[in-house]
Amino acid sequence: MSAQDASQSTAQDTQATAHRWPLWEVFVRSNRGLSHVHAGSLHAPDASMALRNARDLYTRRNEGVSIWVVPSEAIAASDPDSKGSFFESPQGKDYRHATYYTKSEGVKHL
Amino acid sequence: MAQNSEPNSSGASIKSVSSAASGKAVLDGLTPDPVQLAGQEHFDAVLAKDSRVEPKDWMPDAYRRSLVRQISQHAHSEIIGMQPEANWITRAPSLKRKSILMAKVQDEAGHGLYLYSAAETLGTTRDEMMDALVAGKARYSSIFNYPTVTWADMGAIGWMVDGAAICNQVPLCRASYGPYGRAMVRVCKEESFHQRQGFEILLELANGTAEQRAMAQDAVNRWYAPSLMMFGPPDDDSPNSKQSMAWNIKRFSNDELRSRFVGMLVEQVKVLGLTLPDDQVRFNEESKTWEHGPLDWDEFKEVLAGRGPCNAQRLERRRTAHEEGAWVREAAVAYHQKQQDKQKAAA
Ligand SMILES: [Fe+2]
Ligand SMILES: [Fe+2]
């Protein structure tokens, strides 16, 4: 039920019918100051009903102060098969981490 | 339904448990497809690292089918599982107990929905699963085909049925299929309240009048064996378990989990001041496991095959609820269309 899971689903119609409602991804902000985090997905005919359903399904115990619903089919996901080439290799780029700089070890507040 | 339609893994991999942890695709006589081979290699590596498989990853057909079966059955169990308890909502002994019971039943509906969503990521639709359930083609946990005849049954169900479910579900939080594990984490967070409220019902009855106490003991007597059977048949009669464990879906065998559960009941029943209807419960010092008396596996199979005390009633109720809810679903769509038309008119 991550955002990318959604595009796997066969329910691609944005147009709701009595038989098949589109799929929505639900993101919940648990507290002010934190990001919205993916909580799961659900079916609903439109955004306002998706929000109500999301409230009932994912925030029965004060889990959130704000909810986003996004049509699953609106999410573009990276191709899982191109892991190596799509995500830049960290190989040889240790200098992007603070741990690379060892000469300053022991220096306070650095 | 499956991502790749190579006809090679049709059932073959289910049997080849011993050969490889992953149940390798058998490519007998066929030219190996490079995409398939790379996929299998990646899948094997993910399992070897005890990492997680995600929906868009390549996975063996048998793994996908097995997950769809397990997750949808689990979802159906949550949905059907609302009925035995809903039976007592209108007759709960107090407003407090009524609110608690409603909250619990609502949680079970939520659990069903989390799980249906997880199953959908494998390429099956909600409608297919619903249709299979109301057509009587899908299975669900046999426990929900037993009747709830007294209020004490609400206590015994919460304590033992939800208790057994927790024992089963906690290890499933680490299931190799990502969406299933994530759904389980959410479910487990909510389950502990279910078990505690049930325990409390029994505790209050056990400390009440002689009649209430007898009612509590009677409920424990009736739910004990069915709750032990929730873990599934004994290991030597559980054909899918080995493969499921090799795939890191299942982490402990049926008998291991059952034994652990018995150990918990033994301690907890003392607090209730009640007894378990089993004089053969003992701790085996050698194997360090809890043993229990024989269970009636013929009854288990009968109930699973649809011939339990309430099977017909449960399915009929689900079917009626689905049909009677049709107008709500239609109204929601009509409302959406009306809103859209309004917006268009305003633009
Ligand atoms: Fe549940
Ligand atoms: Fe529960």
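Burial here means at least 50 square angstrom less accessible surface with every protein chain in place than with the chain by itself, probed at 1.4 Å; in segment B:323-347 the buried residues are B:Val333, B:His336. Taking Cβ atoms as reference points and 12 Å as the exclusive limit, the residues near B:Val266 contribute a net charge of 0, counting Lys and Arg as +1 and Asp and Glu as -1. In a simple Cβ point-charge model (Lys, Arg +1; Asp, Glu -1; nothing else charged), segment B:78-136 has a dipole of about 580 debye relative to its Cα centre. Annotation: the antiparallel percentage among DSSP beta bridges lying fully within the protein assembly as shown is about 95.
Largest GNM mean-square fluctuation among B:Gly39, B:Gly181, B:Gly232, using chain B with Cα springs under 10 Å: B:Gly39.
With viscosity 0.890 mPa s and temperature 25 °C, the Kirkwood radius over alpha carbon pairs of segment B:128-178 converts through Stokes-Einstein to a diffusion coefficient of 183 µm²/s. In order along segment B:143-155, phi translates into HN-Hα couplings of 4, 7, 9, 9, x, 10, 8, 9, 4, 4, 4, 5, x Hz, rounded to whole numbers, per the Karplus curve 6.51 cos²θ - 1.76 cosθ + 1.60 with θ = phi - 60° and x for Gly and Pro. Shown in residue order for segment B:261-271 are the 3J(HN,Hα) couplings computed by the Karplus curve 6.51 cos²θ - 1.76 cosθ + 1.60 at θ = phi - 60°: 5, 4, x, 6, 4, 3, 6, 5, 5, 5, 5 Hz (x for Gly and Pro). Between amide H atoms placed 1.01 Å from N, distances below 5 Å from B:Val53 occur with B:Tyr177, B:Gly178, all of them 5 or more places distant or on a separate chain. Taken along the Cα-to-beta-carbon direction at a fixed 7 Å, the label points for B:Gln106 and B:Arg69 span 3.6 nm. With all protein chains kept in place, the per residue accessible area of segment B:90-157 amounts to 35 square angstrom at a probe of 1.4 angstrom. The overall shape of segment B:189-347, judged from the alpha-carbon gyration tensor, is prolate: a/c is not under 1.5, and a/b is greater than b/c.
Rounded, prolate or oblate: which one fits chain B, using the alpha carbon gyration tensor with axes a ≥ b ≥ c (rounded when a/c is under 1.5, else prolate when a/b beats b/c, else oblate)? Kindly include the intermediate steps, with their values, before the conclusion.
On the way: a/c = 2.17, a/b = 1.21, b/c = 1.80.
Oblate is the answer for chain B, as a/c is 1.5 or above yet b/c matches or exceeds a/b.
Amide H contacts for B:Thr289 (H built 1.01 Å from N in the peptide plane; partners 5 or more residues away or on another chain; cut-off under 5 Å): B:Asn284.
Taking amide H as placed 1.01 Å from N in the peptide plane, B:Val281 has its amide H under 5 Å from the amide H of B:Gly293, each at least 5 places away in sequence or on another chain.
Restricting to Cα atoms and excluding each atom paired with itself, what does the Kirkwood estimate give for the protein assembly as shown in Å? Don't jump to the answer; show the numbers that get you there.
Details: mean 1/r = 0.0407 Å⁻¹.
After inverting the mean inverse Cα-Cα distance, the result is 24.6 Å.
For segment B:328-343, putting each phi into the Karplus relation 6.51 cos²θ - 1.76 cosθ + 1.60 with θ = phi - 60° gives couplings of 5, 5, 5, 4, 4, 5, 4, 4, 4, 5, 5, 4, 5, 4, 4, 4 Hz, in residue order, rounded to whole numbers and with x for Gly and Pro.
Does segment A:36-110 come out rounded, prolate or oblate, given a ≥ b ≥ c as the square roots of the eigenvalues of its C-alpha gyration tensor, rounded meaning a/c under 1.5 and, failing that, prolate meaning a/b above b/c? In terms of gyration-tensor shape, oblate. When a 1.4 Å probe is rolled over the protein heavy atoms, the share of accessible surface on chain B that falls to carbon and sulfur comes to 56 percent.
Remark: accessible area buried at the B-A interface is about 2700 Å², both chains counted, probe radius 1.4 Å.
The values are calculated or read from the model by the stated rules, or taken from the named source; none is laboratory data. Note that this is a predicted model, so its numbers are computed, not measured. Note that each Cβ is placed from the backbone with ideal geometry, even for glycine, and that neighbours are counted across all protein chains shown. Surface areas here come from the heavy atoms of the whole protein model, side chains and all, with no ligands, DNA or RNA. Shrake-Rupley method; radii C 1.70, N 1.55, O 1.52, S 1.80 Å.
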